[in-house]
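Working notes for the structure below.
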Amino acid sequence: MSLMIDKNMLQKYDVAGPRYTSYPTAPQWSPEVTADTYTAALKAFGQNDKTVSLYIHIPFCEQLCYFCACNKVIRAKEEKVGDEFLEYLFKEMDMVARAIGRRKLIRQLHWGGGTPTYLSEKQSERLFARIKSLFDIDFNEEIAIEVDPRTVTRSKLEVLRQLGFNRISMGVQDFDEKVQDDINRIQPYEQVARVHQWCRNLNFKSVNYDLIYGLPYQTRVTFKKTVDSVIGLKPDRIALYSFAYVPWLSKPQNKFNLEAIALHDEKLDIFLQSRQNLLEHGYQAIAMDHFALTTDEMTKAFNQGLLYRNFMGYTLRPADEYLGLGPSAIGFLEKTYVQNIKILPEYYKCLSQDRLPVERGKQLSRDDQARQWVINSLMCQFQADKKLFSDKFASKFEDYFVQEQQHIRDCVEDGLILEDGQRIVVTDLGKIFIRNVCMGFDYYLRQKDAHRRFSRTV
Ligand SMILES: C[S@@+](CC[C@H](N)C(=O)[O-])C[C@H]1O[C@@H](n2cnc3c(N)ncnc32)[C@H](O)[C@@H]1O
Ligand code: SF4
């Protein structure tokens, strides 16, 4: 059944708001979290047996995509760029491992970017070897890497597979030529199909595509063709991102002709139409903007309420603790978010002075933890269990969230959630507006102008 969405509802909920890859969200983080705070957290982490997820950020890309809001550095392909980067990254890794003081088991490893496959085969091998020299890795778990299908070779994929990578994620975005031209990312269908086939031949356990809806010159008709082509290739997972239009943060987005960008109901229509298309072709909607084949492990985990979320995306493992290495990388350790310096020369400079390159972070108060729990549960499981909340936080859900009762009533009235004494359950309509449902539990959004820094929810 396809969803019909009332235009008034759309107007009401199409506001600026967070994507909740963290709570508290990044604007609440501050330089109060320093290298010393981080070192203390690493030491405390060394005292326990907890396992860890490791994210490594490799910032380089050979060419700029104008829509991109990731932290990246554009460089022509050169061996020395990667070599210099690895020198500093290794230094950071050594300092972090030393502060932990023991070998930890990595339950999830993710190389993201930028474009991690900017590194040569030899450099990728060196990086993997360095990780193995300091950590143990559970190779049965998710070992994932982001690749750019325009530049990755079969030989590089072979090396990655041999190293132990079992999941590939690639940027596809849109197959339409006009859109590709406008976003400065020419990537024909045949190229993606070829890389896809290599991944299959090499037995990667799962292949994910990133798509973006809401890009300039996209229409319902053109994007339907893109989604049809994607369905034909049958990736295991699809991230269908809403174009985050944030020109104040990503200056190249100013190049876009505003009139060519689908907004509000057209943008939502593109999403709903794509969603429906995917649902009719063997995919299930997983949490906010992800789809997976009904046979995929992630779908099974979602259906059993065992899906989790961190900066690497949705995952099958509870990521109590995670480490981030590389410029702009984020970690979460001992109830503290830590983010590295984003600007590459500053990241290098800090490490050359033997300091951990921490820029900012946030130590979670008890209230932050309670709200983080509810928001994570809504985002990953589309529900919040009141009894589990009260067991965990020693307070009845209704007593704790007194101020939120009106928001809950509004969401019920608008058909976004169902509520009873036991649980809040997000409806199909609420899944589309999940960011808005979560926003009512976000303490910090009550501050003046707090919404403004985010992209729009639709
Ligand atoms: C690091 S890139 C993926 C790997 C590789 N660099 C590539 O582009 O093929 C991460 C993904 O973030 C998404 N992304 C980047 N900027 C975005 C924006 N402004 N709005 C929505 N999604 C965005 C894109 O789908 C992109 O594939
Ligand atoms: S989308 Fe990927 S390749 Fe393009 S600029 Fe962003 S990180 Fe680089």
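The values are calculated or read from the model by the stated rules, or taken from the named source; none is laboratory data. Everything numeric here is computed off the predicted structure, so don't read it as measured data. Positions of Cβ are backbone-derived with ideal geometry, glycine not excepted, and every protein chain shown enters the neighbour counts. Calculation scope for accessible area: heavy atoms of the full protein, side chains included, ligands and nucleic acids excluded. Shrake-Rupley method; radii C 1.70, N 1.55, O 1.52, S 1.80 Å.
For the residues ASP49, ASP83, ASP14, ASP6, the requirement of being closer than 30 Å to LEU416 by Cα, of a type in the set (D, E, K, R) and open to solvent by 50 Å² or more (accessible area, probe 1.4 Å) singles out ASP6. Scanning the stretch 320-366 for residues that are within 24 Å of the chain's Cα centre (by Cα) and among the acidic types (Asp, Glu) returns ASP320, GLU321, GLU334, GLU359.
One line per residue, one yes/no per condition, for (1) assigned to a strand (DSSP E or B); (2) in contact with a helix residue (DSSP H, G or I) (Cβ under 7 Å, 6 or more places away or on another chain):
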site	(1), (2)
ALA292	yes, yes
GLY305	no, yes
GLY331	yes, no
GLN369	no, no
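When the stretch 124-169 is filtered for residues that are of a type in the set (Asp, Glu), more than 24 Å from ILE238 (Cα to Cα) and either within 16 Å of ligand 2 (Cβ to nearest atom) or assigned to a strand (DSSP E or B) (or both), the ones remaining, listed by number, are ASP136, ASP138.
Answer with yes or no whether ILE137 is away from ligand 1 (no atom under 16 Å from the Cβ) and hydrophobic (A, V, I, L, M, F, W, C).
Yes: the conditions hold for ILE137.
Entry remark, the stretch 379-391: residues being touching a residue at least 24 places away in the same chain (Cβ under 8 Å) and surrounded by 13 or more Cβ atoms within 10 Å (Cβ to Cβ) number 8 in total.
Kindly indicate whether SER242 is near ligand 1 (Cβ under 10 Å from one of its atoms) and either surrounded by fewer than 21 Cβ atoms within 10 Å (Cβ to Cβ) or at positive phi (or both).
Taking the combined requirement at face value, the residue satisfies it.
Quickly run through the stretch 261-303 and pick out the residues that are open to solvent by 40 Å² or more (accessible area, probe 1.4 Å) and at pLDDT below 85.
Result: LEU263, HIS264, ASP265, GLU266.
Checked across the stretch 226-234, the condition of being surrounded by 14 or more Cβ atoms within 10 Å (Cβ to Cβ) and either within 16 Å of ligand 2 (Cβ to nearest atom) or under 18 Å from GLU266 (Cβ atoms) (or both) holds for at least one residue.
May I ask you to list the residues in the stretch 45-73 that are under 21 Å from ILE137 (Cα atoms) and in contact (Cβ under 8 Å) with a residue 40 or more places away in the chain?
Just the residues of the stretch 45-73 that are under 21 Å from ILE137 (Cα atoms), to begin with: 45-58.
Within the stretch 45-73, PHE45, GLY46, LYS50, THR51, VAL52, SER53, LEU54, TYR55, ILE56, HIS57, ILE58 qualify.
Taking the criterion of being within 15 Å of ligand 1 (Cβ to nearest atom) and outside any loop (DSSP other than H, G, I, E, B), the residues of the stretch 55-81 that qualify are TYR55, ILE56, HIS57, ILE58, PHE60, CYS61, VAL73, ILE74. Taking first residues from the stretch 337-364 that are over 18 Å from GLY113 (Cα atoms) and partners that are among the basic types (Lys, Arg) and surrounded by 19 or more Cβ atoms within 10 Å (Cβ to Cβ), the Cβ contacts under 6 Å between residues at least 6 apart in sequence or on separate chains come to TYR337/LYS362. I'd like to check something: does the stretch 435-455 contain any residue that is acidic (Asp, Glu), touching a Leu at 6+ places or on another chain (Cβ under 8 Å) and either without any contact (Cβ under 8 Å) to a residue 12 or more places away in the chain or not in a loop (DSSP other than H, G, I, E, B) (or both)? Checking the stretch 435-455: not a single residue is acidic (Asp, Glu), touching a Leu at 6+ places or on another chain (Cβ under 8 Å) and either without any contact (Cβ under 8 Å) to a residue 12 or more places away in the chain or not in a loop (DSSP other than H, G, I, E, B) (or both). In this structure, ARG237 does not satisfy being over 15 Å from CYS65 (Cβ atoms), open to solvent by 60 Å² or more (accessible area, probe 1.4 Å) and not aromatic (Phe, Trp, Tyr).
In summary, GLN108 fulfils each of the numbered conditions (1) more than 12 Å from ligand 1 (Cβ to nearest atom); (2) buried (at least 20 other Cβ atoms within 10 Å of the Cβ); (3) over 23 Å from ARG355 (Cα atoms); (4) at pLDDT 95 or above with the single exception of condition (4).
Looking at the stretch 109-123 only, could you name the residues that are in a loop (DSSP other than H, G, I, E, B) and within 10 Å of ligand 2 (Cβ to nearest atom)?
Within the stretch 109-123, the first condition is being in a loop (DSSP other than H, G, I, E, B), and the residues that meet it are 114-115, 119-120.
Those that are in a loop (DSSP other than H, G, I, E, B) and within 10 Å of ligand 2 (Cβ to nearest atom): GLY114, THR115.
Mind listing whichever residues of the stretch 145-171 are under 16 Å from CYS65 (Cα atoms) and either away from ligand 1 (no atom under 14 Å from the Cβ) or β-branched (Val, Ile, Thr) (or both)? Outline the logic, then answer.
Residues of the stretch 145-171 under 16 Å from CYS65 (Cα atoms): 146-151, 170-171.
Matches in the stretch 145-171: VAL147, THR151.
Does any residue of the stretch 333-342 turn out to be of a type outside the set (Val, Ile, Thr), under 25 Å from ASP210 (Cα atoms) and open to solvent by 20 Å² or more (accessible area, probe 1.4 Å)? Yes: the stretch 333-342 contains one or more residues that are of a type outside the set (Val, Ile, Thr), under 25 Å from ASP210 (Cα atoms) and open to solvent by 20 Å² or more (accessible area, probe 1.4 Å). Among residues of the stretch 129-150 that are under 19 Å from LEU89 (Cα atoms) and in contact (Cβ under 8 Å) with a residue 12 or more places away in the chain, those with a Cβ under 6 angstrom from a residue that is within 15 Å of ligand 2 (Cβ to nearest atom) and assigned to a strand (DSSP E or B), sequence gap 6+ or separate chain, pair up as ALA144/HIS110; ILE145/TRP111; GLU146/GLY112; GLU146/GLY113; GLU146/SER169.
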